[in-house]
Amino acid sequence: MIAMIDYDAGNLKSVEKAFASLNQDVIITRNHNEILNADKVILPGVGSFGMAMDNLHKYGLVDVIKEVAKKGTPLFGICLGLQLLFESSDESEGVEGLGILKGKILKIPPSEGLKIPHMGWNSLNINPSSKLFKGIDNNAYVYFVHSYYLKAEDENIVAATTEYSTHIHAAVEAKNVFACQFHPEKSSDVGLKILENFAKL
């Protein structure tokens, strides 16, 4: 059973639908016991870093998510969910992230001819040892919607990168913790393969 954490931060239904198409059972929940007893846990999300952290605190989910990571359950952050796993974000000064992984979320710098937010398809430079991207060709395209990007402290956890105005850490893997800045649920066959790889961990 896959538990998807509900903290009032968007795109749950599209992620649930993508997993359903892979014959995976997903429950959308903020029940602590359901999350802690799940085989795998997903932290999705769209919206602002500060509001998301407020909601995680409001529903008492901060310690639960840290416990999931600590006990070795596969945990998958998607979009804002990736950002929340890190320490802080330029979007919300002074707000502490979950700090499960080390790194910062920075504002995408302006660049001539490029729009921010970054919305659309970009190719990935994939680390060949990645579990999430097993069976996926390098330079595969995925769908992004974001104005802020990850700069991980440890380059060794970076599973994929992309270029958009700057060098972006687009996906990470650290033991049982996985995350993508892009939306696999909106990334066609490539995205479904990523979700299938996570479900098979």
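The values are calculated or read from the model by the stated rules, or taken from the named source; none is laboratory data. Quick caveat, the model's predicted, so the values are computed rather than measured. In this analysis, Cβ positions are derived from the backbone assuming ideal geometry, glycine residues included, and neighbour counts consider all displayed protein chains. Accessible surface is based on the protein model in full, side chains and every heavy atom, while ligands, DNA and RNA are left aside. Shrake-Rupley method; radii C 1.70, N 1.55, O 1.52, S 1.80 Å.
Data for the structure
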quantity: Viscosity 1.567 mPa s, 4 °C: Kirkwood-radius Stokes-Einstein D of segment 58-176 over Cα pairs, µm²/s; calculated: 86 µm²/s
quantity: Relative contact order of segment 112-182, pairs being alpha-carbon contacts under 8 Å that are 6 or more residues apart, as %; calculated: 31 percent
quantity: Cα gyration tensor category, rounded, prolate or oblate, for segment 125-166 with a/c compared to 1.5; calculated: oblate
quantity: Over 30 Å between alpha carbons, listed pairs Lys107/Lys200; Lys115/Lys200; Lys17/Lys131; Lys70/Lys115; Lys151/Lys186; Lys66/Lys115; calculated: Lys107/Lys200; Lys115/Lys200; Lys70/Lys115; Lys66/Lys115
quantity: Solvent exposure, largest accessible area first (probe 1.4 Å, DNA, RNA and ligands not counted), of Val15, Val26, Val145; calculated: Val145, Val26, Val15
quantity: Stokes-Einstein diffusion coefficient of segment 33-92, Kirkwood radius over Cα pairs, 10 °C, 1.306 mPa s, in µm²/s; calculated: 134 µm²/s
quantity: Three-way shape label, segment 82-144, alpha-carbon gyration tensor, a/c 1.5; calculated: oblate
quantity: Spatial separation of Cα centroids for segment 20-76 and segment 113-127, in angstrom; calculated: 26 Å
quantity: Charge dipole (debye, nearest 20) of segment 1-115; +1 at Cβ of Lys and Arg, -1 at Cβ of Asp and Glu; calculated: 220 debye
quantity: Kirkwood Rh and Cα Rg combined as Rg over Rh, evaluated for segment 116-201; calculated: 0.92
quantity: With every protein chain in place, the chain: carbon and sulfur % of accessible area (1.4 Å); calculated: 48 percent
quantity: Average accessible surface area per residue within segment 35-177, 1.4 Å rolling probe, Å²; calculated: 47 Å²
quantity: Helix runs (DSSP H) in the chain reaching 20 Å along axis by Cα, Kyte-Doolittle at least 1.6; calculated: none
quantity: Relative contact order [Cα under 8 Å, 6+ residues apart], segment 52-115, whole percent; calculated: 25 percent
quantity: Contact order relative to length of the chain, as percent, for alpha carbon pairs under 8 angstrom and 6 or more apart; calculated: 19 percent
quantity: Share of alpha-carbon pairs per 5 Å distance bin for the chain, given as whole %; calculated: 1, 8, 18, 22, 22, 17, 9, 3, 1, 0
quantity: The chain: calculated mean residue ellipticity at 222 nm from DSSP helix runs of at least 4, using -39500 (n - 2.57); calculated: -7000 deg cm²/dmol
